[in-house]
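Down below is the structure, laid out as structure tokens.
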Amino acid sequence: MITLVGLGYDIHRFSETERPLWLGGVQVHPTKGLAGHSDADVLCHALADAILGAIGEPDIGYWFPPGDESCKNICSLRIVEKAVELLQAQGGKVVNADCALIAEAPKIMPFVQQMKETLAPILGVVPRRVGVKATTNEKLGAIGRREGMAAFATVAVQLPE
């Protein structure tokens, strides 16, 4: 087996209409969500892109095109599932994932364990192999002005050589 690493990034602005805020597959707020064609879960999007990048596949926009009505409001856990399915089709598995949310608010500490427990079975790992943390942007730029949120994810995968 060889170990490969992928990096994912995603950013979404806040929605001008009320919709739930989903992060890591967990509803964090009922009405202050992010704008997007899917449920706009930046953490899941970054995670899926990290997996796809590690295995040399196109990004989530290829698999879930923004103009495709069948993807409208799709749960982003499905996007992560698709990335894992593509990894498994190559005979691979996730070793670990480390995710970072960049936002001025909300505080995610109360939701971290639930995010880890939600993502771990999809990734095929135990919750302690899923890192979830957050930082602010120190009030700099669009994120600092609370216009949106971003996330990074790094994933290690193992594949047959």
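Read-outs throughout are calculated quantities, based only on the coordinates presented, and are distinct from any laboratory measurement. It should be emphasised that the depicted structure is a prediction, and the values quoted were computed from it without experimental measurement. No Cβ is skipped: glycine too gets one built from the backbone with ideal geometry, and neighbour counts run over all protein chains shown.
Using only alpha-carbon positions in the chain, the gyration tensor eigenvalues give semi-axes of 25, 17, 14 Å once each is multiplied by 5 and square-rooted (largest first). The three principal axes of the C-alpha atoms in region 56-120 carry coordinate ranges of 34, 31, 18 Å, sorted with the longest axis first. Compared with the direct C-alpha span, the chain from residue 138 to residue 29 gains 37.0 nm at full extension, assuming 0.36 nm per residue. Of the residues 56, 113, 79, the one whose Cα sits farthest towards the positive end of the charge dipole of region 1-144 is 113 (charges of +1 on Lys and Arg Cβ, -1 on Asp and Glu Cβ, taken about the Cα centre). Computed extension length for residue 18-residue 159: 46.6 nm, one decimal, from 0.36 nm per residue of separation with the Cα-Cα distance subtracted.
Evaluated at 10 °C with a viscosity of 1.306 mPa s, what Stokes-Einstein diffusion coefficient in µm²/s does region 1-67 have when Rh comes from the Kirkwood expression over alpha-carbon pairs?
Working: Rh = 12.7 Å.
For the chosen part, D equals 125 µm²/s.
Using the crude model of +1 on Lys and Arg Cβ and -1 on Asp and Glu Cβ, and no other charge, please compute the dipole size for region 2-159 relative to its Cα centre, in debye to 20.
Values: 15 positive and 17 negative charges, 102 e Å.
So the dipole magnitude of region 2-159 works out to roughly 500 debye.
Sorted from longest to shortest, the spans of the Cα atoms of region 73-161 along the three principal axes equal 44, 28, 22 Å. For region 2-159, the residue among 151, 11, 127 whose Cα projects farthest onto the positive side of the dipole built from Cβ charges is 127. Under the criterion of Cα pairs below 8 Å and six or more residues apart, the relative contact order for region 2-159 equals 33 percent.
Each part gets one Cα centre, and for region 51-97 versus region 101-124 those centres are 18 Å apart.
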